[in-house]
Every structure is written in C-alpha cells, then in structure tokens.
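Enquirer: One structure is given below, represented as structure tokens, and several questions about it will come after.
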Amino acid sequence: MIVEQPVLGRRGLLLLLITLGAFPPLTMDLYLPALPQMAATFQTSHAMVNLTLAAFMVAFAVGLLFWGPLSKRTRRKPLLLATLALYVAASLL
C-alpha cells in the first residue's frame, strides 16, 4: 500500500529528498575552493587543511551509520528537521 504524502505530494517529496541528498556534495564543492586561502589564513600546510575535508567525510559516514537506525526507531520527520537545523547551524559558524 502506497501512502501519499499529504503536503508535498509524490513529486514534491522526491524533489525534497533529491535536494537533501545533494547537500554533502554541495558542501564539499563550496569548501574546496577555499582550501588554499584557509591554509594561508591559518598559516598551516595544505595537508593539514585537507584533513578537515577528511574529517567531514568520516563524520558524514559515521552519521549515516548512526542516524539510519535511529530514524527507524523514531519518527523520521522530526529527526530530519533536527539534523537539517544542525547542518544549517554548523554551516553558519
């Protein structure tokens, strides 16, 4: 039995999920051009600044392992909104 999403509809829900799925690659694409400037600003090597990108990838992978099972036990919408708010707050820092 397929349950229709009452507010967005099927296409709206699909568009929302595609948009949310694009956040991690978009984050990296926005972050990569700033790496040389960050190395100069913080007076460190490019290798050290690249470690921040590796840390992002590890945190993203661990987050998937953590949030996936948690979303099965709890309701998905509040969890999605909470993690989206956390993403926006972290991006503003």
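Enquirer: I need every pair where a residue in the range 14-29 that is part of a helix (DSSP H, G or I) has its Cβ under 8 Å from the Cβ of a residue that is surrounded by fewer than 12 Cβ atoms within 10 Å (Cβ to Cβ), sequence separation at least 6 or different chains.
Expert: 27/91
Enquirer: Could we say that residue 63 is surrounded by 12 or more Cβ atoms within 10 Å (Cβ to Cβ) and either out of contact with any helix residue (DSSP H, G or I) (no Cβ under 7 Å at 6 or more places or on another chain) or modelled with pLDDT of 95 or more (or both) here?
Expert: It is true that residue 63 is surrounded by 12 or more Cβ atoms within 10 Å (Cβ to Cβ) and either out of contact with any helix residue (DSSP H, G or I) (no Cβ under 7 Å at 6 or more places or on another chain) or modelled with pLDDT of 95 or more (or both).
Enquirer: Something else: I need every pair where a residue in the range 72-93 that is within 15 Å of residue 16 (Cα to Cα) has its Cβ under 9 Å from the Cβ of a residue that is at pLDDT 90 or above, sequence separation at least 6 or different chains.
Expert: From residues that are within 15 Å of residue 16 (Cα to Cα), there are no pairs.
Enquirer: Can I ask one more? I'd like to know if the range 5-14 contains one or more residues that are of a type in the set (A, V, I, L, M, F, W, C) and touching a Leu at 6+ places or on another chain (Cβ under 8 Å).
Expert: Yes: one or more hits.
Enquirer: Mind counting the residues in the range 68-93 that are of a type outside the set (Lys, Arg) and over 22 Å from residue 30 (Cβ atoms)?
Expert: Counting residues in the range 68-93 that are of a type outside the set (Lys, Arg) and over 22 Å from residue 30 (Cβ atoms) gives 9.
Enquirer: Of the residues 54, 22, which is surrounded by fewer than 12 Cβ atoms within 10 Å (Cβ to Cβ), within 16 Å of residue 87 (Cβ to Cβ) and among the small types (Gly, Ala, Ser)?
Expert: So the residue among 54, 22 that is surrounded by fewer than 12 Cβ atoms within 10 Å (Cβ to Cβ), within 16 Å of residue 87 (Cβ to Cβ) and among the small types (Gly, Ala, Ser) is 22.
Enquirer: Within the group 89, 47, 82, which residue is assigned to a helix (DSSP H, G or I), surrounded by fewer than 11 Cβ atoms within 10 Å (Cβ to Cβ) and within 17 Å of the chain's Cα centre (by Cα)?
Expert: Only one candidate qualifies: 89.
The values are calculated or read from the model by the stated rules, or taken from the named source; none is laboratory data. Please read all numbers here as calculations on a predicted model, not as lab measurements. Methodologically, a virtual Cβ is constructed for each residue, glycine included, from the backbone with ideal geometry; neighbour enumeration extends over all protein chains shown.
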